[in-house]
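Input: a single structure, listed below in structure tokens.
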């Protein structure tokens, strides 16, 4: 009912202004699936409301606009979103059912959104990732019998910092640039489609071995059961990781290298 009244309001406004045309392209489909995943409501429940002097869209609604732009344009620049929203205003309002103000999608507001997510408590970010992953599985009716986790490092040209919790640190460089600080990125996906379920940005001076167990535990929460095959590389095959996953009722498949000889890797499964 609300969406119908909103469409009627927009149509009346168009008649008053004269006939205009817009390319809808893929926006209705993108926004439909973002709404099925309930991204706006999940983010709004975990983040505080915007400042009282700031009117317009909530953080969750602004997230939907930004993600629609990224998915449609394959671009994540904040400064380009505002003119894009203005160009597609009628389509976006009709697809979302929201009144989108002229300044709702400025780069300042988008930066505030990203800063708010980054500055939120770790538990709040985990809750967002957990609930979005669960909604994704249900919305797309995805199979949940296999999941994979892997990590890599990224070297950056930043000056080293001394803060204890700084992400950018010197560590083992896969880029063969030990002179640069780095951070690590962990990604967990559903197999075989490679649907991302969980991501984590990690300090560059730590090793990957200790990250696989908490990743498996988070995947079990997102998927809703432990009866899935957890796939990872040989760094996951430590005694601690395998023992804990086995004790907690999980199933894993890791390549395991014989450190006592120059033999090729073998696959080890456990449950």
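The values are calculated or read from the model by the stated rules, or taken from the named source; none is laboratory data. Small disclaimer: the values here were computed from a predicted structure and weren't measured. Cβ coordinates were reconstructed from backbone atoms using ideal geometry, including for glycine residues, and neighbour counts include every protein chain displayed.
A residue that is over 17 Å from the mean Cα position of the chain (by Cα) and more than 25 Å from residue 214 (Cα to Cα) occurs nowhere in the range 113-125.
Restricting to the range 96-128, name every residue that is closer than 23 Å to residue 187 by Cβ and outside any helix (DSSP H, G or I). Within the range 96-128, 120, 121 qualify.
Can you say whether residue 63 is touching a helix residue (DSSP H, G or I) at 6+ places or on another chain (Cβ under 6 Å), under 30 Å from residue 206 (Cα atoms) and either in a helix (DSSP H, G or I) or at pLDDT 90 or above (or both), as far as the supplied structure shows? Full working, then the answer.
Values: touching a helix residue (DSSP H, G or I) at 6+ places or on another chain (Cβ under 6 Å): yes; under 30 Å from residue 206 (Cα atoms): no; either in a helix (DSSP H, G or I) or at pLDDT 90 or above (or both): yes.
Taking the combined requirement at face value, the residue does not satisfy it.
Restricting the search to strands (runs of 3 or more DSSP E) fully inside the range 163-243 and requiring at least 2 residues that are surrounded by fewer than 19 Cβ atoms within 10 Å (Cβ to Cβ) and touching a helix residue (DSSP H, G or I) at 6+ places or on another chain (Cβ under 9 Å) gives 195-203. Only one entry in 46, 122, 82, 93 is free of Cβ contacts under 8 Å to residues at least 40 places away in the same chain and surrounded by 13 or more Cβ atoms within 10 Å (Cβ to Cβ), namely 82. Taken over the range 100-118, residues that are more than 20 Å from residue 45 (Cα to Cα) and in contact (Cβ under 8 Å) with a residue 24 or more places away in the chain amount to 6. Residues considered: 162, 207. Of these, the only one that is within 17 Å of residue 241 (Cα to Cα), out of contact with any strand residue (DSSP E or B) (no Cβ under 7 Å at 6 or more places or on another chain) and at pLDDT below 90 is 207. Residue 131 meets each of the listed conditions (1) in a loop (DSSP other than H, G, I, E, B); (2) under 16 Å from residue 60 (Cα atoms) apart from (1).
If the condition is being in a loop (DSSP other than H, G, I, E, B) and more than 18 Å from residue 117 (Cα to Cα), then the range 66-95 contributes 74, 75, 79, 80, 88.
Residues considered: 149, 173, 120, 153. Of these, the only one that is at pLDDT below 85 and within 30 Å of residue 220 (Cβ to Cβ) is 120.
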